[in-house]
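Data block below; observations after.
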Amino acid sequence: MMLTAQLSRRGFLQGGLGALTLAITAKGLITTVWAAESATQKYGADSMPGGTVDDPLVFVSIAADGTVTIVAHRAEMGTGVRTSLPMVVADEMEARWDRVKVIQAQADEVRYGNQNVDGSRSVRHFLMPMRRVGAAARQMLEAAAAARWSVPLAEVKAVQHEVLHQASGRRLAYGELAADAARQPVPTGDGLKLKDRSEFRYIGKDQVRLVDLEAIGKGQASYGMDMRLPGMVYAVVARPPVVGGKLRRFDSARALTVPGVLKVVEIPPMQGAPAFQPLGGVAVVARNTWAARQGRDALDIEWDDGPNGSYDSVAYHQALESAARKPGKAIRNQGDVAQVWAKAPEAGRLAAEYYVPHLAHASMEPPVATVQIKGGNAEVWTSIQNPVAARDAVAARLKLDPAKVKVNVLLLGGGFGRKSKPDFVDEAAIVAQAMPEGTPVKLVWTREDDIHHDYLHTVSVERLEAVLDTSGQVQSWLHRSAAPTIASLFSEGAKGQQMFESAMSAINMPYRIPHVRVETAEVEAHARIGWFRSVANIPHAFAAQCFIAELAERAGKDPKDFALDLIGPARRIDPGTLADTWNYSESPERYPYDTGRLRGVIEAACKGAEWGRTLPKGHGLGLAFCYSFMSYTATVVEVAVDEKGEVRIVAVDMAMDCGPQINPERIRAQMEGGAVMGLSLALTSEITFEKGRVKQSNFHDYEVLRHNASPRVIRTHLVNDDHTLPPGGVGEPPVPPVAPALCNAIFAATGKRIRNLPVRRVA
Amino acid sequence: MTQIQINGQAKNVDVPGETPLLWTLRDELGMTGTKFGCGMALCGACTVHMDGAPIRSCVTPLSAVAGHHITTIEGMEADAVGQAVQQAWIEQNVAQCGYCQAGQIMTAVSLLKAAPQPTDQDIEDAMSGNICRCGTYPRIRAAIQQAAKRLAQGGKQ
């Protein structure tokens with residue numbers, strides 16, 4: 001007997017609400033920003049499409065044999081959320097983990113609440129709803145047992161898959177109670193009894209391994225790339241090499257002679273702002289991926305490059321520099337930075353510019369989607385961070401009611417923000433529509449497709465100017481950021497970063513400086529600008545954290561002491577007073593900027609690295625820290641730089657305070673992985689354009705860190721496991737402090753300042 | 001029609017001889033444990049063994065494997081070293097997204113067969129052709145060391 005009748009049942013309301021969701025998801029982050037500025041703002045999960053759902057009948061079912069099935073409603077891309085959230089439910093409901101089966105939800109935010117896995121929100125928004133789900137299920141089982149025995153509810157207790165009646169020694173297994181429990185009223189409000197922290201069995205205990213761990217090691221885990229259906233065909237797409245480009249003409253005759261090629265399908269060009277649209281081009285359909293790829297190579301295509309055909313990274317870098325050297329739009333202004341600068345002696349002035357190039361996500365599994373259209377319905381199997389966006393894109397493409405589109409979420413072979421955009425799912429729908437009804441089409445991106453056509457991390461020049469007085473105190477701080485905005489994805493011609501970008505480590509700097517001005521410059525986007533793990537925190541924190549170390553040096557102070565002095569004493573700052581009206585869409589009361597917690601991670605990372613110790617020649621320690629996605633991180637990197645300028649990472653110490661630690665072992669995994677990804681972007685990764693085209697194509701020229709360059713030692717320090725705090729994000733916060741910590745370490749080792757990424761080697 | 005030996009079994013496939021082994025395994029034979037990552041022998045996600053030696057199946061044409069024994073991740077459970085490595089991978093909680101791990105395991109198994117007690121340098125030399133974008137390198141190193149220790153003790157402990 002199941003607690004839920006049909007896990008896959010879809011409410012009839014969904015069609016109407018789906019249209020609303022489409023309007024929201026098509027605008028993505030932008031809507032969040034507009035909403036954040038309205039007077040009736042909802043915060044956190046309430047501000048997201050679908051909000052939260054905490055109905056145990058939706059998430060939990062119990063079979064007669066006692067198997068507890070828990071729905072993971074958010075996609076797994078490597079953070080462990082498919083394990084951690086069901087684990088929270090199991091803990092609260094006193095289910096034995098070895099009797100739990102996790103199943104993956106289809107796209108349906110009306111039923112499950114928000115499913116968009118980005119913004120480091122999964123645990124932040126769903127810890128408490130999942131605790132309530134589990135607690136309610138536990139209480140319903142207890143109520144069913146008490147009724148069966150005709151004893152007061154207070155005399156029974158759920159313990160590890162059984163309900164016990166202590167006085168009589170009677171016990172009933174969960175499987176025996178399932179049918180009755182499903183008929184009990186769902187406890188809510190004050191009637192819902194969450195566990196005390198001391199009663200947790202799994203939360204914070206590292207007792208639970210990833211649900212897919214064994215299957216992964218055996219090659220049995222199922223990723224989007226692994227989807228197979230009878231009669232399936234495979235497609236690859238030749239896309240315009242320049243964003244906004246179009247087909248001028250093409251000839252498919254030779255492609256159609258390639259053995260295994262079945263059909264050639266034109267993909268319509270992008271219209272207006274890119275959003276989540278396919279780029280257009282020509283798809284080749286074949287009996288396997290290789291044949292499709294050979295067919296694509298045999299296409300004869302002429303492209304019209306369109307207005308972005310002259311995009312060139314060298315020229316654009318210069319354009320960003322000149323934009324960063326002119327006054328921009330002031331978004332935070334206190335005191336009079338200009339006057340302080342004008343009056344300061346040359347020796348008290350410091351100005352520096354920092355460059356971070358475009359970055360590609362390069363998840364190990366490139367984008368891939370399978371679509372089958374049959375009898376007025378469409379079914380999708382894909383690895384996607386935002387399943388409802390995929391559903392709505394396919395529904396719009398096929399002119400179907402969203403209720404007629406099922407989206408099955410398979411494991412993601414990495415995501416990092418790329419796979420929250422469903423353009424590749426839309427492409428698969430276009431091709432499936434061109435095939436005989438019912439033909440399943442798997443549309444595969446090659447690595448070259450992925451590198452050439454990513455939604456790239458922005459490219460930026462950050463200019464900082466500060467004035468130090470004679471005692472080494474910072475009197476003024478100007479941060480001017482010149483970078484194409486993610487808003488250009490949704491609004492054609494949008495220039496200048498939006499609040500949600502500035503509020504990632506630029507506008508919200510909390511330092512004790514009397515004169516502060518933060519500006520954004522207006523620059524045009526010529527590529528698809530997307531969000532990449534930790535987003536605008538990467539360039540903003542890189543610049544600000546390197547600059548603080550430069551100021552410390554000018555002031556003749558230890559970088560750590562200088563930073564702590566700049567931060568000042570522990571206090572909880574209303575982000576509004578920093579002109580931050582976004583605050584990651586979280587309530588400023590629940591999530592103030594807590595400088596005490598920032599100090600805490602700095603101390604922990606420095607302690608781990610033994611900051612201040614004497615180092616071998618050629619070695620250096622560098623510190624950087626960042627507040628992002630409601631979590632605090634600090635990193636100390638130890639480098640060794642040899643006489644040829646080759647950089648070796650000796651060790652990384654990373655400290656994090658994300659508040660309550662639900663799955664500490666997975667938090668540490670994210671920190672280790674964040675350290676490696678941060679070092680990748682710091683040391684080697686760079687996407688550049690020439691004639692509007694991405695110059696890199698695969699891992700030989702878009703280099704990411706490999707084993708031999710990865711630090712042998714990564715120490716993680718988790719602090720402040722405080723369940724009275726609201727949870728912070730974990731997936732993204734480890735990345736931003738890594739690159740500046742590395743460059744500060746290189747300075748300590750060599751006396752050379754690196755202001756442009758990637759470092760490659762020290763000249 | 002080409003016959004190939006995979007995990008001790010003969011399989012017939014009807015695709016041109018230049019088709020890479022990777023796509024033959026995945027699309028024609030439905031053996032999806034071997035992953036596509038780059039198509040240019042740059043990332044190691046597609047690593048399989050040919051007569052015991054690691055090869056990149058994405059650049060190995062079908063014509064080159066006829067007459068040889070291919071072992072894939074699906075065959076590791078029948079391999080003592082493979083089992084030890086898979087077990088160590090679990091105990092060290094190596095995987096994050098997990099997509100590259102089949103290839104990592106295949107390379108690690110051939111490393112341990114060639115160098116049962118690998119040094120840090122051995123591990124870096126052998127494993128640097130396998131990219132993990134999630135950054136699980138420290139745990140991969142720990143898992144290889146653990147598997148080596150376990151195997152040296154004759155699988156006990």
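Just wondering, is there one or more residues in region A:369-376 that are in contact (Cβ under 8 Å) with a residue 40 or more places away in the chain, within 14 Å of another protein chain (Cβ to nearest Cβ), under 30 Å from residue A:406 (Cα atoms) and buried (at least 22 other Cβ atoms within 10 Å of the Cβ)? Looking through region A:369-376, at least one residue is in contact (Cβ under 8 Å) with a residue 40 or more places away in the chain, within 14 Å of another protein chain (Cβ to nearest Cβ), under 30 Å from residue A:406 (Cα atoms) and buried (at least 22 other Cβ atoms within 10 Å of the Cβ).
Scanning region A:694-707 for residues being buried (at least 19 other Cβ atoms within 10 Å of the Cβ) and more than 14 Å from every other protein chain (Cβ to nearest Cβ) gives a total of 1. With (1) closer than 24 Å to residue B:51 by Cα; (2) of a type in the set (A, V, I, L, M); (3) within 11 Å of chain A (Cβ to nearest Cβ) as the list, and residue B:94 as the residue in question, which single condition is left unmet? Of (1) closer than 24 Å to residue B:51 by Cα; (2) of a type in the set (A, V, I, L, M); (3) within 11 Å of chain A (Cβ to nearest Cβ), only one is false for residue B:94: (1).
The criterion of at least 1 residues that are touching a Lys or Arg at 6+ places or on another chain (Cβ under 9 Å), of a type in the set (Val, Ile, Thr) and within 11 Å of another protein chain (Cβ to nearest Cβ) is met by the following strands (runs of 3 or more DSSP E) wholly inside region A:192-292: A:233-238.
One line per residue, one yes/no per condition, for (1) farther than 29 Å from residue A:758 by Cα; (2) surrounded by fewer than 20 Cβ atoms within 10 Å (Cβ to Cβ); (3) away from chain B (no Cβ under 14 Å); (4) not hydroxyl-bearing (Ser, Thr, Tyr):
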site	(1), (2), (3), (4)
A:314	no, yes, yes, yes
A:319	no, yes, yes, yes
A:325	no, yes, yes, yes
A:345	yes, yes, yes, yes
A:354	no, no, yes, no
A:362	no, no, no, yes
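Here residue A:350 clears all of (1) in a strand (DSSP E or B); (2) of a type outside the set (S, T, N, Q); (3) away from chain B (no Cβ under 14 Å); (4) closer than 30 Å to residue A:237 by Cβ except the condition numbered (4). If you scan region A:143-161, which residues turn out to be of a type outside the set (A, V, I, L, M) and under 16 Å from residue A:89 (Cα atoms)? Across region A:143-161, the qualifying residues are A:160, A:161. Restricting attention to region B:22-50, the residues being assigned to a helix (DSSP H, G or I) and facing chain A (nearest Cβ under 10 Å) number 6.
Among the residues of region A:377-401, which ones are away from chain B (no Cβ under 14 Å), crowded, with 24+ Cβ neighbours inside 10 Å and not in a strand (DSSP E or B)? A:386, A:387, A:388, A:389, A:390, A:391, A:392, A:393, A:394, listed by residue number. Within this structure, residue A:708 passes the test of being within 28 Å of residue B:123 (Cα to Cα), over 22 Å from the mean Cα position of the chain (by Cα) and not small (Gly, Ala, Ser). You will find that of A:482, A:563, A:536, A:555, the residue that is over 24 Å from residue A:585 (Cα atoms) and crowded, with 24+ Cβ neighbours inside 10 Å is A:563 and no other.
Would you confirm, using the coordinates I've provided, whether residue B:101 is within 17 Å of residue A:713 (Cβ to Cβ), at pLDDT 95 or above, out of contact with any Ser or Thr (no Cβ under 7 Å at 6 or more places or on another chain) and not basic (Lys, Arg)? No, not satisfied. Within region B:101-157, if we keep just the residues that are among the hydrophobic types (A, V, I, L, M, F, W, C) and more than 12 Å from chain A (Cβ to nearest Cβ), the residue that is farthest from the chain's Cα centre (by Cα) turns out to be B:152.
When residue A:98 is tested against the conditions (1) under 27 Å from the mean Cα position of the chain (by Cα); (2) surrounded by fewer than 24 Cβ atoms within 10 Å (Cβ to Cβ); (3) charged (D, E, K, R); (4) assigned to a helix (DSSP H, G or I), the lone failure is (1).
Screening A:581, A:614, A:577 for residues that are surrounded by 15 or more Cβ atoms within 10 Å (Cβ to Cβ) and among the hydroxyl-bearing types (Ser, Thr, Tyr) leaves exactly one candidate, A:581.
Taking region A:448-479 as the search range and keeping residues that are among the charged types (D, E, K, R) and touching a Leu at 6+ places or on another chain (Cβ under 8 Å), which one is farthest from residue A:279 (Cα to Cα)? Per the criteria, the residue is A:465. Set side by side, the residues B:131, B:123, B:140, B:90 differ, and just one is assigned to a helix (DSSP H, G or I), touching a residue at least 24 places away in the same chain (Cβ under 8 Å) and outside the structural domain of residue B:17 (by TED's automatic domain parsing), which is B:140.
Can you tell me which residues in region A:402-450 are part of a helix (DSSP H, G or I) and among the aromatic types (Phe, Trp, Tyr)? The answer is A:424, and nothing else. Could you list, in sequence order, the residues of region A:708-745 that are crowded, with 23+ Cβ neighbours inside 10 Å and in a helix (DSSP H, G or I)? Across region A:708-745, the qualifying residues are A:738, A:739, A:740, A:741, A:742, A:743, A:744, A:745.
Residue-by-condition table, conditions (1) in contact with a Lys or Arg (Cβ under 7 Å, 6 or more places away or on another chain); (2) of a type in the set (S, T, N, Q):
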residue	(1), (2)
B:23	no, no
B:41	yes, no
B:47	yes, yes
B:53	no, no
B:67	no, no
B:80	no, no
B:85	no, no
B:99	yes, no
B:107	no, yes
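Residues of region B:59-87 being within 9 Å of chain A (Cβ to nearest Cβ) and part of a helix (DSSP H, G or I), which ones? Matches in region B:59-87: B:73, B:74, B:76, B:77, B:85, B:86, B:87.
The values are calculated or read from the model by the stated rules, or taken from the named source; none is laboratory data. Note that this is a predicted model, so its numbers are computed, not measured. Using ideal geometry, Cβ is built from the backbone for each residue, glycine included, and neighbour counts are taken over all protein chains shown.
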